[in-house]
1. For a quick check of your reading of the filter: which GluC sites (Glu not before Pro) in the range 221-266 sit in a DSSP loop and have no more than 15 other Cβ atoms within 10 Å?
2. For a quick check: with amide H placed at 1.01 Å from N, whose amide H comes under 5 Å from Gln315's, ignoring anything fewer than 5 positions away on the same chain?
3. Points 7 angstrom from Cα along the Cβ direction at Leu295 and Asn257: gap in nanometres?
4. If the limit is 19 Å between Cα atoms, which of Lys244/Lys281; Lys194/Lys282; Lys244/Lys275; Lys225/Lys290; Lys244/Lys276 go over it?
5. Identify the trypsin sites (Lys or Arg not before Pro) of the range 245-306 meeting these criteria: DSSP loop state and at most 14 other C-beta atoms within 10 Å of the C-beta.
6. Based on the Kirkwood radius over alpha-carbon pairs, what value in µm²/s does the Stokes-Einstein equation return for the translational diffusion coefficient of the range 117-321 at 25 °C and 0.890 mPa s?
7. Using only C-alpha atoms and all pairs of different ones, pull out the Kirkwood radius for the range 218-322 in Å with one decimal.
8. Would you mind working out the magnitude of the charge dipole of the range 117-321 relative to its Cα centre, with +1 at each Lys and Arg C-beta and -1 at each Asp and Glu C-beta, to the nearest 20 Debye?
Amino acid sequence: MVEFAWLSSVFPWHIAAPLVLIFSILGILNYLGKFAFKLEIKRRKLSQKQFLIFPSIFLILFAFAISPTLLRLHNQYNQEVELKKTITQLSLRLREYAQGANIEIEEEELTLPPITKNDLCKEWDYCTDFKDDTGLENKHYSHSKEDPQRLLLESNSYPGPPIYFENETSPFYYFELSVLPLNNDAANIFIESKGMFQLFIGDSDYRSLAFLRWNQEESRWIRDKEESKIFLGRDLNMPDMRPKSQFIISVETRKKNNDAEAIFSISYESVEGIKKNAKFKKDIDLPTPKPEDFLTKIGTGMYILKGAVSQAKFQFMGVRQK
């Protein structure tokens, strides 16, 4: 095979290998002298039978050996075309998102299959798209008839009680909520981890957040005057939120000694129409000396502002235990 080594230096292995195989088979046939003429035949005239057999065998072997390579090259070409198309579409979408533009994409333009509810919840222990109350504790919110993901809070309680997941979870988890507030004055949205914390997004304006701790002795939520109010501009050096714009809030809790640390991240559209991401941390006291013995329930909700009916389009909520 030494004499064929130059093939591998000129062609890729998936092309060189079939050629080496063809010439090897022809060499064997020539050596046996049964189906091909010997090298000495060059000195005399070929018969018609010899003239036809040799190229026929060569063409059959070549077609048989090269067909897998051609099929592979065809598949690679199709994959590259689809990949370039997808990259181009994603680049256009990211550019428009960075400019704060609204994006509308026709369904037939998408190269990726739409996400179904089962796919959406595949990586989560518990999740919901809020179209129904399966897996949720919802006693105080009503679904709009026009849009099942639009929830209304028609209660005089302040704040409104949260919509919990039915299942309890470890105090160490990753949580995510995607929601579009529909009230004019403020976001009116909060998330809660029972026995741990509440976080209000908006807190009567679009300039701040509010963090509340659970007081076990008094069995109530308390606002620490020094750190409860978190202003986007003053404390996080971020622009204010744009009113009535969709945002995604995520929380990751980690063990810290015998208590917990929570890392909050909120992705939102600023008043300048630019996508921003604000992050901050909070230490959380757990109501038990052994974190492994404590369980929490996680949920979201709205609160009443100036007598208005709080409403928002809740799109996704999920939790993954650590």
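1. Glu226, Glu227
2. HN-HN under 5 Å from Gln315: Ser178, Val179, Leu180.
3. In this crude label model, Leu295 to Asn257 measures out at 2.8 nm.
4. Over 19 Å Cα-Cα: Lys244/Lys281; Lys225/Lys290.
5. Lys306
6. Values: Rh = 17.3 Å.
Rounded, D is 142 µm²/s.
7. 16.5 Å
8. Values: 29 positive and 33 negative charges, 87 e Å.
With only Lys, Arg, Asp and Glu charged at Cβ, the dipole is about 420 debye.
Read-outs throughout are calculated quantities, based only on the coordinates presented, and are distinct from any laboratory measurement. Remember, predicted model here, so these are calculated numbers, not experimental data. Glycine also receives a Cβ, built like all others from the backbone with ideal geometry; neighbour counts cover every protein chain displayed.
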